[in-house]
């Protein structure tokens, strides 16, 4: 059809195109009503969510956050942003093969790592240790530790989109529950995990994730392992000859056949391996998921009736879209190899050691003297915790107020963690340099 199509027409086209087990845009649910100017928006619900995430400041900061190798040391290592884009590509490939909602899948993929810290998983680990009172610089009071909870990046991603992003009159991006659920469940979650989510409604914490969220979870795993392998090869952390002996890679080489034997250039062989692994894993996932969905349909007598599929949706396991047992073993061996030879490599651990010092020192400075924090954090303490704005207090009252109220508040500890978790690698290093190694050139003010 030539010409403009409004939202009703697009929703009808989507309904005809999707498989009966896919989530329709008409089923989208939000915590808060749409704003008046959004009621005439012709974008579909999950497309709108995707766009909101892409325009978020937390999304832009991903370009300066480490995946595994520090990005500013070379031009080609993955950043958290390029990883996110690659997860989106792989997840959409799986979704299209299975007839799932690609807009929903892409929105989840774009938002899944918004809560990741600077310096990769090391930053995440240090912030969790701080909140548990295991970091000695400083040790939080026991009363604060008892209330502060834990830190995990998928929960923090949800905190970002529900609370920390500020683009509208109400905090957060007001994403649909389906996107929020997929963001949380792209990796392990627990019903009772001690994390201060502003709104747990709509997350279905005691149920498996919907199929679109599962597509992102497996896309995330495939992207992580294949691209960490590629980055490790490029960085010289591992040798191509060693990689060629891995069972999954041997299968790829056998599939490539003559083209492999005739190729003498190592960089081309590396590319053949990475492409072949991605093809192996994605093809296995889509084929395995198809067989599992067919068995589910046969077991319950399901046809093309969307309502019948919805009634049985939670009976689909969390790994409906996952590897076959055979390929899962190959994937597990690859993952273990990358952990031993890439994640445990000297260069990666040296940068992790530096990162641990930076994150720990930043928290110590901000907690010990909250006046070193940017204004926006102190204003959050005023607005969200009911504390006095420190910069308005008489000088003689500041120290007592910090001791009596700030240093006894788990909420304030979480505000400091929010601030540090949102930093890019570059900004964290600038702040560390300013606080620990003062120079004539102070970093720019954070006015979030």
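With a cut-off of 8 Å between alpha carbons and a minimum separation of six or more residues, what is the relative contact order of the chain in percent?
19 percent
If I histogram all Cα-Cα distances within the range 71-159 using bins 10 Å wide from 0, what percent of pairs lands in each bin?
16, 32, 27, 18, 7, 0
On a C-alpha basis, how far is the centre of the range 156-213 from the centre of the range 258-335 in Å? Whole number, if you could?
Centre-to-centre distance over Cα atoms comes out at 26 Å.
Got a sec? How would 335, 357, 65 order by Cβ neighbour count within 10 Å, fewest to most?
357, 335, 65
For the range 290-378, just say rounded, prolate or oblate: build the C-alpha gyration tensor, square-root its eigenvalues into a ≥ b ≥ c, call rounded for a/c under 1.5, and beyond that prolate if a/b exceeds b/c, oblate if not.
Since a/c reaches 1.5 but b/c is at least a/b, the shape of the range 290-378 is classed as oblate.
By counting other Cβ atoms within 10 Å of each Cβ, how are 376, 406 ranked from fewest to most?
Going from sparsest to densest Cβ surroundings: 376, 406.
Tell me the mean residue ellipticity at 222 nm calculated for the chain from its helices only (DSSP H runs of n ≥ 4, each -39500 (n - 2.57), averaged over every residue, nearest 500).
-18000 deg cm²/dmol
If you average the alpha carbon positions of the range 74-135 and of the range 352-378, how far apart do those two centres end up, in angstrom?
Comparing the Cα centres of the range 74-135 and the range 352-378, I get a distance of 24 Å.
Take each of the peptides 2-12, 99-109, 272-282, average the number of other beta-carbon atoms within 10 Å over its residues, and list them starting from the highest.
For the peptides 2-12, 99-109, 272-282, the packing ranking is 99-109, 272-282, 2-12.
Note down the Stokes-Einstein diffusion coefficient of the range 211-346 in µm²/s, whole number, using a Kirkwood radius over alpha carbon pairs, 4 °C, and 1.567 mPa s.
Roughly 78 µm²/s, to the nearest whole number.
Checking the a/c ratio against 1.5 first, then a/b against b/c, what shape does the Cα gyration tensor give for the range 114-163?
Taking the square roots of the gyration eigenvalues as a ≥ b ≥ c, the range 114-163 is oblate.
I want to verify a result. In a Gaussian network model of the chain, Cα cutoff 10 Å, which of these has the top mean-square fluctuation: 258, 160, 216?
Ranking 258, 160, 216 by mean-square fluctuation puts 258 first.
Relative to the longest principal axis of the chain, what angle (0 to 90°, nearest 10) does the C-alpha long axis of helix 266-300 take?
Orientation of helix 266-300: about 80 degrees from the principal axis.
Return the single residue from 29, 263, 129 with maximal mean-square fluctuation; model: Gaussian network over the chain, springs between Cα atoms under 10 Å.
263
Counting other beta carbons within 10 Å of each Cβ, put 25, 409 in order, fewest first.
Final ranking by Cβ density, sparse to dense: 409, 25.
For the chain, modelled as a GNM with alpha-carbon contacts under 10 angstrom, which of 364, 146, 223 fluctuates the most?
For the chain, modelled as a Gaussian network with Cα springs under 10 Å, the answer is 146.
From the square roots a ≥ b ≥ c of the eigenvalues of the alpha-carbon gyration tensor of the range 305-448, which class results: rounded (a/c under 1.5), prolate (a/b over b/c), or oblate?
Oblate, since a/c reaches 1.5 and b/c is not below a/b.
FYI, it's all coordinate maths here, none of it is from the lab. Since the model is a prediction, treat every value here as computed from it, not as a measurement. When we count neighbours, we look across all protein chains shown, and the Cβ atoms used for this are built from the backbone with ideal geometry, even at glycine.
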